[in-house]
Amino acid sequence: MRFIRIALAALILVIATSSVHAADATLPPLAPLTSVRWDFVTTFNGKPLSVCQEQYESYNRGHAVCHQLVTIALPEYGMNLIAGQVDEIVLYDQMFYQRKNDETTWTASPNPIYNPNATLRDLYTVGYTAALTQIGQSTVDGTSTTQFQYWSLDSKLNSRVGGQAVYDLFITPEGYVRKAQLSYRGALSLGQGELHGIYVYRDFNAPIKVGPPPTNLVKAP
């Protein structure tokens, strides 16, 4: 879920040590994850705002293409979308590369979430105090999963995102996260409603390779 965590600050999940109060559940062990692809959509009250296709060779090496579907601003989340804009992004170790629309050159900057010790399973780490509940069985694109829900107990975070932060994980019997959904519910600058970031994962441990752009096409910011 990380491309949008950089491009759209609204959908950041803090990578940090978990602080979880179990309401009636314990998250099952997750399977080893060396690479993965996913599709991502941001919605507000069910209306799609942006869509992305992303793939990661490792935690620090990823590629994404994101299409902005509407012109909209959510300043409380750092979001500023322009309908029709296409963003392409590459994370490669300590570097972050980005270009827009039909640009042929890439802008380079430091990777703000580079962590040489992180693995892709860290994508699902919750870094705020939360209650964890097992919701029940759910089918995701034909795959049987169990839904677990983190309900934020962090009053500062909840206030910052408009009311209530909720994070759902849909986990297969094999221990893969098939879907994740981050929800901000409450009074947003767009009005009362729910902002969702929905990730549907696939191609677990597939042979994915990500490389940096050619050096002659890269410029400093």
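Using the 2.2 N^0.38 Å rule of thumb for compact globular proteins, work out how the range 2-209 stacks up: its C-alpha Rg over that value, please.
Relative to the 2.2 N^0.38 Å estimate, the range 2-209 comes out at 1.00.
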DSSP-assigned coil residues among trypsin sites (Lys or Arg not before Pro) in the range 116-221, each with at most 14 further Cβ atoms within 10 Å: 209
Whole-number percent relative contact order across the range 62-104, with pairs defined as alpha carbons under 8 Å at least 6 apart: 35 percent
Spatially close lysines, pair count over the chain: Cα under 24 Å, gap of eight or more or interchain: 6
Pairwise centroid distance, computed over Cα atoms, of the range 59-76 with the range 195-210, Å: 15 Å
Contact order normalised by residue count of the range 2-209, Cα under 8 Å, 6+ apart, percent: 24 percent
For the range 105-206: rounded, prolate or oblate by the Cα gyration tensor [a/c cutoff 1.5]: oblate
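Coordinate-derived values only; no laboratory data. From a predicted model like this one, the values you see are computed outputs, not experimental measurements. Virtual Cβ from ideal backbone geometry, glycine too; neighbours counted across all protein chains shown.
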